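The structure appears right after this line, and notes come after that.
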Amino acid sequence: MLDIRGCLKDLRYDENSARRRYQDSEDAWQHRLRSPFAVDIGAITASKAWRRLQGKTQLFFTISNRHVRNRLTHSLEVVEFAVAVCDILGLNSDLARAIALMHDFGHLPGGHLGERVLSKLCEQEIKHEVLSVVIAQHIERGGKGLNLTYDTLMGALKHSRSINELVLSPAVSAEANVVMFADKICYILSDANDAVRCIGENDEKVISLMKVIKEIGSNQRDCWRRMITAFCLESAEVGNISFSKAPERKLLDEARKCMNPIYKLIDLPFEESKIKYVYQIAQQFSDNPVLAVALMTGTDVDNLTASVPQKWLRQRWEETAAFETLSKLPNPGSISLTDPDLDW
Ligand SMILES: [Fe+2]
């Protein structure tokens with residue numbers, strides 16, 4: 001194979017350009033000894049938002065089979081994919097790792113369904129990529145925030161681009177673009193893998209999907225290897241991050257089309273009604289009910305919606321991850337969930 005190692009090193013994000021919102025005396029020794037993005041990684045993996053990801057749905061609501069991905073395992077898959085690409089191309093893998101670790105901090109219980117239901121209920125557009133940045137800046141550490149670099153926060157904000165998904169953005173670092181692609185590639189491959197597990201290989205929709213996936217690779221590891229190789233070879237040839245011409249990209253788009261009816265299938269009405277119900281509960285107990293729901297895990301939702309006498313509801317609420325986080329904020333009602341607050 002062509003030797004492409006380090007071929008995009010000129011695009012590597014220079015860590016000397018990294019900046020933070022405020023000087024942090026607490027971590028001063030680390031700032032002297034480590035790269036700014038390594039310091040971000042330490043802050044992210046010590047956060048509560050990071051641990052909440054293990055209780056958030058990736059795609060399928062079942063938790064009985066632990067092989068089914070959740071947001072935490074998905075985030076680790078994105079880290080692995082993005083870091084592999086950055087290592088090969090000569091980009092800054094610490095920056096890619098930091099962005100990938102926190103990119104889904106803002107996902108709601110019930111994933112995209114939760115996002116749509118909550119947006120309707122509160123009549124404002126709730127976007128998980130904005131919430132990721134709000135949580136990192138204004139919710140963690142009792143509202144003080146994690147004081148991450150602008151570059152990590154901006155990468156998380158731009159990992160989801162609605163209609164411009166899977167299109168390179170010149171407005172962010174090469175590493176942020178790698179994470180954007182890694183996120184989509186990982187979730188499509190893993191959602192397909194979990195669809196077999198949760199829906200069954202004899203379902204017609206799964207059969208059409210797996211025909212495409214088998215063209216990519218014979219198993220999950222093979223699919224990954226082929227995607228990483230194709231991604232790196234095309235980027236090396238173009239001289240920039242690129243994944244638009246390779247046959248693997250076409251297969252990925254086809255797999256995504258096959259996933260669409262499966263995504264619709266799992267928008268279950270009872271999951272929607274659960275979100276509506278916990279929103280009502282949050283309205284009783286919190287002055288920022290939208291934020292309260294956003295901070296809940298799927299486990300919180302299940303516990304709150306399990307049939308319990310009204311007198312025990314407050315106790316259930318106080319056992320949630322959302323309550324623990326909210327109770328440490330000085331003024332939760334004042335936090336905007338639609339402003340990423342990155343004009344600094
Ligand atoms: Fe993601």
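The values are calculated or read from the model by the stated rules, or taken from the named source; none is laboratory data. If you're wondering where the values come from, they're calculated on a predicted model, not measured in any experiment. Quick reminder, even Gly has a Cβ in these numbers, built from the backbone with ideal geometry, and neighbours come from all protein chains shown.
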What is the residue count in the range 230-250 for residues that are more than 23 Å from the chain's Cα centre (by Cα) and either within 22 Å of residue 198 (Cβ to Cβ) or of a type in the set (S, T, N, Q) (or both)? 2
Set 131, 146: member being within 28 Å of residue 13 (Cα to Cα) and either assigned by TED's automatic domain parsing to the domain that holds residue 325 or not in a helix (DSSP H, G or I) (or both): 146
With respect to the numbered conditions (1) under 12 Å from the mean Cα position of the chain (by Cα); (2) surrounded by fewer than 19 Cβ atoms within 10 Å (Cβ to Cβ); (3) of a type outside the set (Phe, Trp, Tyr); (4) assigned to a loop (DSSP other than H, G, I, E, B), which one is the sole condition not fulfilled by residue 112? (4)
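Listed here are the residues, each with its yes/no results for (1) assigned to a helix (DSSP H, G or I); (2) within 16 Å of the ligand (Cβ to nearest atom).
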| position | (1), (2) |
| --- | --- |
| 37 | yes, no |
| 41 | yes, no |
| 61 | no, no |
| 64 | no, no |
| 82 | yes, yes |
| 99 | yes, yes |
Which residue, of 300, 341, is surrounded by 14 or more Cβ atoms within 10 Å (Cβ to Cβ), within 27 Å of residue 155 (Cβ to Cβ) and either in contact (Cβ under 8 Å) with a residue 40 or more places away in the chain or assigned by TED's automatic domain parsing to the domain that holds residue 58 (or both)? 341
Only residues in the range 90-109 that are farther than 13 Å from residue 14 by Cα count as the first member; pair them with residues that are near the ligand (Cβ under 10 Å from one of its atoms) and assigned to a loop (DSSP other than H, G, I, E, B), Cβ under 6 angstrom, at least 6 apart or cross-chain, and list the lot. 103/159
Looking at residue 65 and the list (1) touching a residue at least 60 places away in the same chain (Cβ under 8 Å); (2) crowded, with 22+ Cβ neighbours inside 10 Å, which single condition is not satisfied? (2)
